1. Does the range 669-676 include one or more residues that are among the hydrophobic types (A, V, I, L, M, F, W, C), farther than 25 Å from Y523 by Cα and open to solvent by less than 20 Å² (accessible area, probe 1.4 Å)?
2. Select from the range 649-678 the residues that are among the polar types (S, T, N, Q) and closer than 20 Å to L706 by Cα and write down the one among them that is modelled with the lowest pLDDT.
3. Return a yes/no flag: does the range 206-221 have any residue that is buried (at least 19 other Cβ atoms within 10 Å of the Cβ), out of contact with any Pro (no Cβ under 6 Å at 6 or more places or on another chain), hydroxyl-bearing (S, T, Y) and in a loop (DSSP other than H, G, I, E, B).
4. Pairs, please: C-beta under 8 Å, at least 6 apart or cross-chain, first residue farther than 14 Å from G260 by Cβ and open to solvent by less than 10 Å² (accessible area, probe 1.4 Å) and in the range 181-204, second hydrophobic (A, V, I, L, M, F, W, C) and not in a helix (DSSP H, G or I)?
5. Filter the range 528-571 for residues that are assigned to a loop (DSSP other than H, G, I, E, B), out of contact with any strand residue (DSSP E or B) (no Cβ under 7 Å at 6 or more places or on another chain) and farther than 17 Å from D503 by Cβ and give the result.
6. Sort through Y286, Y251 and tell me the only one that's open to solvent by 40 Å² or more (accessible area, probe 1.4 Å), assigned to a helix (DSSP H, G or I) and modelled with pLDDT of 90 or more.
7. Please determine, by comparing only the residues of the range 436-465 that are among the β-branched types (V, I, T) and free of Cβ contacts under 8 Å to residues at least 60 places away in the same chain, which one is farthest from E327 (Cα to Cα).
8. Condition first: open to solvent by 30 Å² or more (accessible area, probe 1.4 Å), hydrophobic (A, V, I, L, M, F, W, C) and under 20 Å from D538 (Cα atoms). Now tell me which residues in the range 583-608 satisfy that.
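The values are calculated or read from the model by the stated rules, or taken from the named source; none is laboratory data. The shown structure was predicted, so the numbers you read here are calculated from the model rather than taken from an experiment. Cβ coordinates were reconstructed from backbone atoms using ideal geometry, including for glycine residues, and neighbour counts include every protein chain displayed. SASA here: full protein model, heavy atoms, side chains in, ligands and nucleic acids out. Shrake-Rupley method; radii C 1.70, N 1.55, O 1.52, S 1.80 Å.
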Amino acid sequence: MRRPLCLIGMVYVVAIIIGMTVTVPEAPVYEYLDRQQATVAGYVDWKEYRISGAKEVPVITLQDAVILKEDQIANLEQILLGSDKVSCSDTAFSFLCYLNQNEMPPMGSYVIVQGKFYSFTHATNPGEFDSAEYYRILKQQGKLMQAECVAVSSEYDGFREGLYQIRDYLSMLIDACYDRQDASVMKAMLLGEKGTLNKDIKSLYQQNGMIHILSLSGLHLSIMGMGLHKLLKKLRIPIVVNIILSIGIMYCYGTMTGMGMSMTRAYIMFALHLFAELVGRTYDMYTALIIAAVILLLQQPLYLRHSGFLFSFGAVCGIGLLLPAVENNLFTNSRIEKLLMSGISVTIAMLPVYLCFYYEFPPYSVLINLIVIPCMTVVLVCGLCSVGLAACILLLGMLPAYPVRFILGLYEWMCEHCMSLPGHTWINGCPKVWQVVLFLGIIVALILWEQKIPKLMFWQGILCALCVFCVRLPSGLEITMVDVGQGDCIYLSEDDGARFLIDGGSSDQIDVADYRILPFLKYKGVDHLDAVFITHPDSDHENGIRAWLQEYEDSGISIGKLILPDIAEECRNEEYRELESLAKNNGVPLYYISSGEKLQGKEVMLTCMNPEQGWQSEDANAYSVVLHLAYRDFTALFTGDLEGEGEQKVLDQIQDSCTLLKVAHHGSRNSTSEEFLEAVQPEIALISAGKDNSYGHPHAELLERLEEAGCSILSTPEYGAITVKVGKKIQVYGYKKHICIRK
């Protein structure tokens, strides 16, 4: 057996995957403490500065932390002086503490912190970032805001505190050598400080597939670690001392910068490489890779769900496994072709991870990285030189900073120009499990049998694997009420047909377009909407669409037409006018809709039932656009915030019952009257409202009317996003709380 450790490690990884598929243990959730004052005790495991609001705030991470009870808080001296941990029924986890003081406690010290506790929240929509799941993988259970250290132990970890002081000093030197934006990038590249990274630059790098250069990984170890090892060789340092120094210095560097997952993986492989040289054995990359994976997974099996873990190991697999097979099947042996294929191999290996976590892929990133990665050697070397020289004479440190500034400017210029090119983003949506498995199966088969099949067949296999992600199975009509908090957003789609969005706004969710609406659309693989309806220009129905139009070119999703209610000129408020202006500035066709007008999809027919053309009313709710949907035998009524006179006008037009009713005005007591329900007779009623909203939506009186009407009631506060699929049967699913209604 050539690679016994590799085989054993692979079996272990497969066992973890199977175990996670069958059952995943739930971590304790402290939602009962959310937004309450709490006292937490733990060891300072990490400290840094992060952007909170508009300023940099000191943040510490408490390891082995527990939430203290009143009787434990009274025993501060015993907690700090005793050798045992706090006796507590809660499981120990990590907590983030945003301090309201500039001075941070030493690394490794035991501290007691008081502040306002915020639990991490689970996603309530497909595609939405699940902060609770993300931080659970990192074993973090919540954060304390405006926190204060009330007690600090006298003992601390002098080694790690010393490394932090060096890191803090180097950070100060970087600030002195670079402008604010470039300094934030260099501190991320050299010191692992991402908390103060410029938000726009981070977004730009991510949209162009080069966010990886901001993470400490194998590139740093290959440049710094192997560079140091070769330098010591030239100085004729004994091999044992050389290896000990190289591994030790790189360990100190990794510890100083936080030793993230990518850095840990690279460090383990680096150490194994030098150890193999020491004992006179051949270094095997595959065995080293699997050993690194096993060590990380022994620490936290849930890393298999972490994008950083998968990206790091996927990139190495692309270089070590796929690239050799690709190079063996090249039609020529030119250096340019080999260079291009190296980037393509890594891209193919990481493509499933990109699509599963971001639902989109920047095609130009393959070409961008051909320039970016070679230039990174210059950036890192010059960056280290600028810091080293600045430590001696500050002005000397600025000299090596000039090429770094030029290259970072080049990176930004390339990204901005690629964003302006057509097809800069391929929005595929989140692939199904069977697609990922089939893709990986084809790639593995090509790697194993690449010498037994013709070159043309090999490349046909690669193309076939990529096409797997483009397959769409028929699902009929799909209606999703997106959970946007206190607001409305409804997505409609049909097989190979039209895609519509009705409203998109919220009064209690910040940046609802960036964090909820657009991620949901990308998750669904939407790169074009045939039409976006704004039922009426209240902020909780339109501010997300307005924010989207303000960043329209960067979103990657186009709008076929923006449709507004055709109301009188004097009723068109400031928000209405701004929507018109943004649509015109971005080249989005603008239409106005009134009662009786229709919009035809493939099989879907949307008919407007409100408002009448030129409607005049001071109440925007009354002129809400009401759409009647007909799809085969299925019908639905979408009512916006319909109330009062508008509801009566719609009532006069209703002729048949509807299968689905979007309950008006978030479940207000003043909407959806008994008379209206008697006419509509819905089987399913959907309500969009914010959790614990100040308006009391949905009101008890309204819920009572719906129950008396005999319909199934589903609300976003309880179920999260609600999806209705109409095919041979009608199926209803809740995202946050499982429910399956079949009719």
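1. Of the range 669-676, the ones among the hydrophobic types (A, V, I, L, M, F, W, C) are 676.
Still in the running and farther than 25 Å from Y523 by Cα: 676.
Subset that is open to solvent by less than 20 Å² (accessible area, probe 1.4 Å): 676.
Scanning the range 669-676 turns up at least one residue that is among the hydrophobic types (A, V, I, L, M, F, W, C), farther than 25 Å from Y523 by Cα and open to solvent by less than 20 Å² (accessible area, probe 1.4 Å).
2. First, pick out the residues of the range 649-678 that are among the polar types (S, T, N, Q): 653, 655, 657, 659, 668, 670-673.
Pick out the ones that are also closer than 20 Å to L706 by Cα and you get 655, 657, 659, 668, 670-673.
On the way: Q655: 81, S657: 85, T659: 93, S668: 92, N670: 87, S671: 89, T672: 90, S673: 90.
The residue in question is Q655.
3. yes
4. S184/L197; V185/L197
5. E551
6. Numbers: Y286 fails: modelled with pLDDT of 90 or more.
Testing whether each residue is open to solvent by 40 Å² or more (accessible area, probe 1.4 Å), assigned to a helix (DSSP H, G or I) and modelled with pLDDT of 90 or more leaves just Y251.
7. V437
8. Filtering the range 583-608 down to residues open to solvent by 30 Å² or more (accessible area, probe 1.4 Å) leaves 584-587, 589-592, 595-600, 602-603, 605.
Next cut, hydrophobic (A, V, I, L, M, F, W, C) only: 590, 599, 605.
Residue satisfying the conditions is L590 alone.
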